[in-house]
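Report on one structure; see the data block that follows.
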Amino acid sequence: SHHRPSVYAAILHWRNPDAVLRCISHLRQSAYPVTITVVDNSAHEGSLGDVGADAIIPMATNAGYAGGMTAALRAWLNQTSDPFALLLTQDVIMHGAALEELVQVLQMNPNVGIAGPVVLESGTGAIFSAGGVIRRSLTQIRQLRVPRDKEPYPVEWIDGCAMLIRRAAAEEIGEFDERFFMYYEEVDYCVRAGTKGWPTVVVPQAIASQDKDALPAPHYFYYSSRNRYLFWSKNYGFSGFRVFTSLVFDALRLLRWSLAGTARRATDRTLRWRSLVRHLRGSWRG
């Protein structure tokens, strides 16, 4: 049996105390020693109240994922000696022994820097992410919907909603790039980890689930387009024109998807068109 080191767990909160409560109560059930810190991105709007955390980091403003998780990394590295940190967004539930599975993989593979679970959509139970792929030819990143293996396998990035990071890796990788605010910052982080010799793996035995909206909020399209350019120019030196071309290509694909949906149920139809309009408006702004 492996030594069970305490894990520093950081949960990012934004305007949903109930979700934080649920996230924490599941973590506490995992029978694994965790010290839980909530990074409160809406602290300036009022007190979070007692959610059963060991500590709360109140942010002066909403610093997004990148700023909030950077605050968590600093507290972990400067104030504790915990060898691993689990970063979670409030809408995530870790199932069963998921945390234990992740820790075990990092303990048994000292060269691996980051490990993540397979993430399901809590509504449907469908796989939302089994790790992430970077497709340079299309200037695209995408999530795998099917695990590549039954054993832990390497990926280029994992979704930031649930990631376990090794201390030695975090000390070398540095902080999240706060220019991203939200979306792509975890992709950027995993890419930087890889260049420093710390690979990222998905552990298919570890399962988490996340609440997903049917229609992403308008800001999603803005940030994902803006940050797509930031990510590709920063890490691969791609030009704005090249990223813009790939955005146009994606918009055309989405248009085809919307047209294909016009024969279906009315609700499905309006959802598709609203999604397309939001995508185009947000992409243009981004």
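Taken along the Cα-to-beta-carbon direction at a fixed 7 Å, the label points for Ala31 and Met108 span 1.8 nm. Rolled with a 1.4 Å probe across the full set of protein chains, the surface gives Glu45 an accessible area near 100 Å².
By a straight-distance test (C-alpha under 24 Å), which lysines pair with Lys234 as possible cross-link partners, with residues fewer than eight away in the same chain excluded? Output for Lys234: Lys196.
Among Thr61, Thr195, Thr37, the largest mean-square fluctuation in a Gaussian network model of the chain, built with springs joining Cα atoms closer than 10 Å, belongs to Thr195. In degrees, nearest 10, range 0 to 90: what is the angle between the Cα axis of helix 17-28 and the longest Cα principal axis of the chain? Result, in degrees: 50. Compared with the alpha-carbon gap, the fully stretched path from Asp50 to Phe241 is longer by 63.9 nm at 0.36 nm per residue. Over the chain, the alpha carbon radius of gyration divided by the compact-protein estimate 2.2 N^0.38 Å works out to 1.00.
Legend: calculated FRET efficiency, Leu271 to Glu175, from the Cβ-Cβ distance at R0 = 25 Å, rounded to 0.05, equals 0.10. For segment 150-241, take the alpha-carbon Rg, divide it by the Kirkwood Rh, and send me Rg/Rh. Here the Rg-to-Rh quotient is 0.99. Along each principal axis, taking the top coordinate minus the bottom one, the Cα set of segment 1-123 gives 45, 36, 22 Å in descending order.
In straight-distance terms, cross-link reach from Lys150 covers every one of the lysines whose alpha-carbon lies under 21 Å from its own, apart from those fewer than eight places away in the same chain; here that gives an empty set.
For the chain, the longest principal axis of the Cα atoms and the long axis of helix 240-260 meet at an angle of about 70 degrees. Could you list log10 I(q)/I(0) for segment 100-185 at q = 0.14, 0.17, 0.18, 0.25 Å⁻¹, which the Debye formula gives when each Cα is one point scatterer? For the requested q values the scattering log ratios are -0.56, -0.83, -0.92, -1.40. Placing pseudo-labels 7 Å out from each Cα toward the beta carbon at Leu254 and His219 gives an inter-label distance of 1.8 nm.
Heavy-atom accessible area, probed at 1.4 angstrom with all protein chains present, ranks Lys196, Lys234, Lys150 as Lys150, Lys196, Lys234, highest first. Axis of helix 64-79 versus longest Cα principal axis of the chain: the two differ by about 20°, to the nearest ten degrees. Tally Lys and Arg at +1 and Asp and Glu at -1 over the other residues with C-beta under 13 Å from the C-beta of Trp157: what net charge comes out? Every neighbour counted, the sum reads -2. Among Trp257, Trp157, Trp232, the largest mean-square fluctuation in a Gaussian network model of the chain (Cα springs under 10 Å) belongs to Trp257.
Taking Tyr236, Tyr220 and ordering them by how much accessible surface each has at a 1.4 Å probe, largest first, produces Tyr220, Tyr236. Here the label points at Leu280 and Ile127, each 7 Å from Cα along the C-beta direction, are separated by 3.4 nm in the simple model.
Between Ala75, Ala169, Ala98, the GNM of the chain built on Cα springs shorter than 10 angstrom shows Ala75 fluctuating the most.
The values are calculated or read from the model by the stated rules, or taken from the named source; none is laboratory data. Please read these numbers as outputs of a predicted model, since none were measured by experiment. Neighbour counts run over all protein chains shown; Cβ positions are idealised from the backbone, glycine included. Keep in mind that these areas ignore ligands, DNA and RNA; they rest on the heavy atoms of the full protein, side chains included. Shrake-Rupley method; radii C 1.70, N 1.55, O 1.52, S 1.80 Å.
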